[in-house]
Amino acid sequence: MKVLAALFALFIVAVIALADTNRIGFLKELYDFPHGDKAGHFILYGILSFLLNASFVRALRHRPARRILFFVSLLLALAIGIEEWSQVLVPGRTPDWCDLLFSYLGVAAGAWMANRFSAV
C-alpha cells in the first residue's frame, strides 16, 4: 500500500507540473465535460487521501486511527491549499476556491473510506 501511495503521489505531482507548464495534453480530455475539473479534483485527491491514510494507519497500528487520519488529512489539505494558492504565481493558471473545495471533499471522502477500510 505504501508503494502505491508513493506512486500515486508522484502521479499527482506530475499532473500538477504538466498543468503548470501548459502541457496537460490528453489528460485534459479526460475531464473535458461540465464540472469535469471539479470531479477530477475530488477523485484524484480522494484516491490519494485514501492511499496515504490507509498506509499510515497500517504502519502505525499501535496509534489511534482517528488521530492518524486527522493529521494525515490535515497535512494533505495544507499541501493542496498551498498548491492551489501557488497558481497565482504561474502564468496561465488561476486558483479556484471551488477546485479547493472539491479537493478538500475528496480528502475527507478518502479519509472516511480509509477509516472504514482499516476497521475491517
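The values are calculated or read from the model by the stated rules, or taken from the named source; none is laboratory data. Note that the structure is a prediction, hence the values are computed from the model and not measured. Neighbour counts are summed over all protein chains in view; Cβ atoms, including those assigned to glycine, are modelled from backbone coordinates with ideal geometry.
The residue list 11, 33, 42 contains one member that is aromatic (Phe, Trp, Tyr) and surrounded by 14 or more Cβ atoms within 10 Å (Cβ to Cβ), which is 42.
Of all the criteria given as (1) small (Gly, Ala, Ser); (2) in contact (Cβ under 8 Å) with a residue 12 or more places away in the chain; (3) more than 17 Å from residue 117 (Cβ to Cβ); (4) assigned to a helix (DSSP H, G or I), the one not satisfied by residue 14 is (2).
Assigned to a helix (DSSP H, G or I) and touching a residue at least 24 places away in the same chain (Cβ under 8 Å), is that true of residue 93? Talk me through it step by step, then tell me what you get.
Values: assigned to a helix (DSSP H, G or I): no; touching a residue at least 24 places away in the same chain (Cβ under 8 Å): yes.
In short, no.
Residues that are touching a helix residue (DSSP H, G or I) at 6+ places or on another chain (Cβ under 8 Å) and either modelled with pLDDT under 95 or among the β-branched types (Val, Ile, Thr) (or both) within segment 67-86 comprise 68, 72, 80, listed in sequence order.
A search for C-beta distances below 6 Å between a residue of segment 19-46 that is touching a residue at least 60 places away in the same chain (Cβ under 8 Å) and any residue that is of a type outside the set (Ser, Thr, Tyr) and outside any helix (DSSP H, G or I), counting only pairs 6+ apart in sequence or on different chains, returns 20/90; 22/92.
Mind telling me which of the residues 27, 48, 7 ends up being at pLDDT 95 or above, over 12 Å from the mean Cα position of the chain (by Cα), aliphatic (A, V, I, L, M) and assigned to a helix (DSSP H, G or I)?
Details: 27 fails: at pLDDT 95 or above; 48 fails: over 12 Å from the mean Cα position of the chain (by Cα).
Just one listed residue meets the conditions, 7.
Across segment 29-76, the number of residues qualifying as over 17 Å from residue 7 (Cα atoms) and touching a Gly at 6+ places or on another chain (Cβ under 9 Å) comes to 5.
The single condition among (1) more than 19 Å from residue 16 (Cβ to Cβ); (2) within 10 Å of the chain's Cα centre (by Cα) that residue 76 does not meet is (1).
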